[in-house]
Amino acid sequence: MRDLLAGGAGTEADPARRSVTGRAVPGGWTAAGEPPTPLVYLHVQYEGPVTLTDGRALLAGGAGLLLRSLDACAVYDPGPGEWTAAGALRQDRRLHSLTALPDGRALAAGGIPGGQAFPQPTLGHAELFDPGSGTWRATTEMTEARNGHSATVLGDGRVLVAGGQRPRSRHDMLTLATAEIFDPARETWTATGAMTVARWDHVAVPLPGGRVLAVGGLVSTGRHGGARAALGLCEVYDPAGGTWQPTGSLRAARAVHQAVPLPDGSVLAIGGDPSPTPDDARFHPYSLASTEIYDVTRGVWRPGPPLPWGRSYHRAVATEDGVLVFGGTECACLDGGFASTLRWTDGARSWSPAAPMRTGRWAFGATVLGGGRVLAAGGIARGGPAAPVYGDVPVVTAEVFTP
């Protein structure tokens, strides 16, 4: 049974780190044990895990089977490569934000409590993690309850929380344009300028000079949460004035995508779900293979190197010389997690393979550890017709990529 739960879309990777062509590929994934939490899904961009200032990684909350919110927490120490249980959250939550603060603490904010329901009950509750005691305590309430929002540490250590969603009525959800700032020193929340476009499950990327770029995301458009559209609209937050300004739109609307900063200050947007009604009016149900690069000086997007195939619910991290992309699935079926890992060096014309993950997974979490290593935890291995029985097969293991 343990092998079944740990299995992904395929078997464990060849330890020789070779691609399908038989050529050696760089880097490698190694087992990192099982987190002592019942973690399954980490659906949105900011649920974690996060790397604390002491080098350890923190997991907190998320969704268990049947989308029940969790209060369980765990800490991974990359030195001995061990997981330990930490104090439980004071409030179970999923689709929340988990943010590592510059002072060593971590902030969990918003999200959805309890079991699966619609409309989704939404939290304004926030709490702080003390890495010394391994416990949580409540802090002040947010100015507005929200889930699926972004959370970005600004240059002065404050946290910008933007967008998300909350119930609009008994039948539908409201996508939010509002934003607020958490001051860790005073433990206060203050409303700041609203975004020009309401969005949730978007990516917020720090730019040179302290500004923040909001990229794509989703907007709810109708009853029961199923009616929603991907966004191509982007905007930039200026912390000096507390305002948002529109900037160039993505060439393709995208959601459940990734966006990471590049060494030259530009931003790379990668894959994701397309808009259900593209400009050419053709039905396109598959994950995007396209990437785009944001020119921070001109405020426009240009085509980037395409992926070998589309992927959604993947993860991407910036490296010293480019980007690493790993995991994910095909949005048209959601039946198998990808094990493949790709590398892109800034300026290269194409992606190159790196050693595949030990277990294919999607809707998982990832964070960068010291030395350029990357921790991946949780997620779904198989679902639908790819699962041995009806329902999703969770990934109970974690793994670490070493360049």
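The distance separating the Cα centre of the range 193-269 from that of the range 122-147 comes to 24 Å. Evaluated with a Cβ-only charge set (Lys, Arg +1; Asp, Glu -1), the chain carries a dipole of roughly 680 debye about its Cα centre, given to the nearest 20. A Cβ-based charge dipole, computed about the Cα centre of the range 153-272 with Lys and Arg at +1 and Asp and Glu at -1, lands at about 520 debye.
Taking packing as the residue-averaged number of other Cβ atoms within 10 angstrom, the listed peptides 38-49, 94-105 run from highest to lowest as 38-49, 94-105. If you take the Cα centroid of the range 23-39 and the Cα centroid of the range 321-386, the two points sit 11 Å apart.
In deg cm²/dmol and to the nearest 500, what is the mean residue ellipticity at 222 nm of the chain if only DSSP H runs of at least 4 residues count, each as -39500 (n - 2.57), divided by the residue total? Before the final figure, lay out the partial values.
Details: 1 runs with 5 residues, N = 403.
My calculation for the chain gives 0 deg cm²/dmol from helical runs alone.
For the range 255-342, what's the relative contact order in percent, using C-alpha pairs closer than 8 Å and at least 6 residues apart? List each step's numbers first, then the result.
Working: 198 pairs, mean separation 22.2, N = 88.
Relative contact order, the range 255-342: 25 percent.
With Cα atoms defining each centre, the range 283-307 and the range 155-174 are spaced 26 Å apart in the structure. Using the average count of surrounding beta-carbon atoms within 10 Å as a protection proxy, the listed peptides 113-124, 143-154, 199-210, 76-87 rank, highest first, as 143-154, 199-210, 113-124, 76-87.
Around ALA198, under 15 Å between beta carbons, what's the net of Lys plus Arg minus Asp minus Glu among the other residues?
On the way: positive: ARG146, ARG166, ARG168, ARG199, ARG228; negative: GLU144, ASP172, GLU180, ASP201, GLU235.
Taking every Cβ under 15 Å from that of ALA198, the sum is 0.
Bear in mind these aren't lab numbers, they're just calculated from the coordinates by the rules spelled out. Note that this is a predicted model, so its numbers are computed, not measured. Don't worry about glycine lacking a Cβ; one is built from the backbone with ideal geometry, like all the others, and counts go over all protein chains shown.
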